[in-house]
Each structure stands twice: as structure tokens, then as C-alpha cells.
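First up is the structure itself, then whatever we jot down about it.
The values are calculated or read from the model by the stated rules, or taken from the named source; none is laboratory data. In this text the structure is predicted, and so the values were computed from the model without any measurement. Here the Cβ is made from the backbone with ideal geometry for all residues, glycine too, and neighbour counts use every protein chain on show. Surface accessibility is based on the protein's heavy atoms, side chains included, excluding ligands, DNA and RNA. Shrake-Rupley method; radii C 1.70, N 1.55, O 1.52, S 1.80 Å.
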Amino acid sequence: MAISWVLGSGGIGLAVAQALSNQGDEVHLLSRRPVEDNFSTYQLADWHWASIQASLKTLPQPDKIIIATGMLWTDEHPPEKRLEDLNESRFLEAFAANTLITAAVIEHLSERMKRNTALKLLTISAKVGSISDNKLGGWYAYRVSKAALNMLVKTTAIEWQRRYPMSAIASYHPGTTDSRLSQPFQARLPEGQLKTPQDAAACLISVLDKQVTPEQSGRFWHWDGSEIGW
């Protein structure tokens, strides 16, 4: 039985945890809110580095890790449309949610992994975090924090290749999914482009199974299995 960690119980995170549990994985879900389901849930008071690592220390060694956390907007800070909208607190919030959670998990794993450890880690990024794909601008803190996440994944993959050659890590763009994060922007989508959380989970698990491999570690995958440029 595979052991899976899922961080985040939003639309995609909860759907992924349910799908992995249904296929027979032993699922351990880390969440800010209580979740009742047929897997183990660990409720965190916050997503701070120390809180994450304290919870991870109680979990069994994983075979798969899916990090499904992220923040595009808050009531106080909608996505920036122009340079005059930039502010320090917005950037700090974005990096905490979109970059540091994955960094905390990776640092914790370095204490547990051995040369023969074989695990897969997939962290949800966003296509707007691709520097080469950026044609529209805007959304500064979200773009920058997701681009930083992508660099974290790429750099980690290089070290893992030397130290843990049987393990793999990747960034992933899930497409627009029906969730709180995307709700303010759903009206602009073409018909049929919005995914249900269950559809998004199925696409994610397919990419995790087929393309997150040691030979392809450190890449950035689109929900359809195509590769996104950094």
C-alpha cells in the first residue's frame, strides 16, 4: 500500500486525497480545517514552517506527496493590476502561501531520505509563474511567488539527482478549477474550460503516475501532460 501525504484541503487537495484513498493509498491529509473522510487528517493552526514540520514528523515515510496549497487573492489584497498596487505585506503573504510551504516540506524530507528512497513530490504551481509564458503582466506577487516555487523545484531536483536518484519532484499547473481561488475569475472563462475538483484530481494523479519520474525530475507539467517552459 502506497503512503501519500496531501497538504491542503481546498477543492483540488481534498479531491486528490479522496481519489488516492479510493485507489487504496494510505492517505494523510494536512489541513487548516477539519475534514471528515476515510483517511487521517491533521489539522494545523497555520501554515507556518514550524507548524508544518511538527506535523510531518508524526507521519510515516511517504511514497507520494502532493502539495495543493496556494493563494492568489485575499479580501484585503486582490491581484495587482499595476505597479502602484505593489506592497510588502502582499508579497510576504504570497511567498508564505505559494513558496515556503513546499520549502518546509523539502527541508523536512532531507532529514528522512536515504540514497535508495523512492518518492514522488508534486507541488501545484501556476502557468502564470512561467517567465517565458508571461505575455499579459499583472498579478505580481502571485506570479513572482510561483516563479520562485518553480526555481525551488528545479534546484531541488538537481540535488536529489545526486543524493536521492530514485526520487522525483515536479511543478504542476492544474488548469482553472472550480474553487475559492478561481471564483472571482470564472466568468471570463470559455464554456467547458472550468474543471471540477474531481476532474482536476484525476488529471493530477495521471501526471504524477506517468511523468513524475527520476528521468524527468525537475520539470513543470501542464494538466494535460504537456511540459511548460520555465
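Listed by first and then second residue, the pairs linking a residue in region 110-121 that is within 22 Å of LYS210 (Cα to Cα) to a residue that is of a type outside the set (S, T, N, Q) and open to solvent by 50 Å² or more (accessible area, probe 1.4 Å), with Cβ atoms under 6 Å apart and 6 or more places separating them unless they lie on different chains, are ALA118/MET166; LEU119/ASP63.
Inside region 40-51, residues that are in contact with a Ser or Thr (Cβ under 7 Å, 6 or more places away or on another chain), hydrophobic (A, V, I, L, M, F, W, C) and either in a helix (DSSP H, G or I) or crowded, with 17+ Cβ neighbours inside 10 Å (or both) make up a count of 1. Of all residues in region 30-54, none satisfies the criterion of being of a type in the set (A, V, I, L, M) and in contact with an Asp or Glu (Cβ under 8 Å, 6 or more places away or on another chain).
Look at region 200-214: where a residue is open to solvent by less than 10 Å² (accessible area, probe 1.4 Å) and a partner is part of a helix (DSSP H, G or I) and of a type in the set (Val, Ile, Thr), sitting 6+ places away or on another chain with Cβ atoms under 8 Å, you get ALA200/ILE12; ALA201/ILE12; ALA201/VAL16; LEU204/ILE12; LEU204/VAL16.
Every condition in (1) farther than 27 Å from GLN211 by Cβ; (2) within 20 Å of the chain's Cα centre (by Cα); (3) open to solvent by 40 Å² or more (accessible area, probe 1.4 Å); (4) of a type in the set (D, E, K, R) holds for LYS81 except the one numbered (2). Considering ALA97, ALA147, ALA126, the condition of being surrounded by fewer than 20 Cβ atoms within 10 Å (Cβ to Cβ) and either within 19 Å of ILE52 (Cα to Cα) or of a type in the set (Gly, Ala, Ser) (or both) is satisfied by ALA97 alone.
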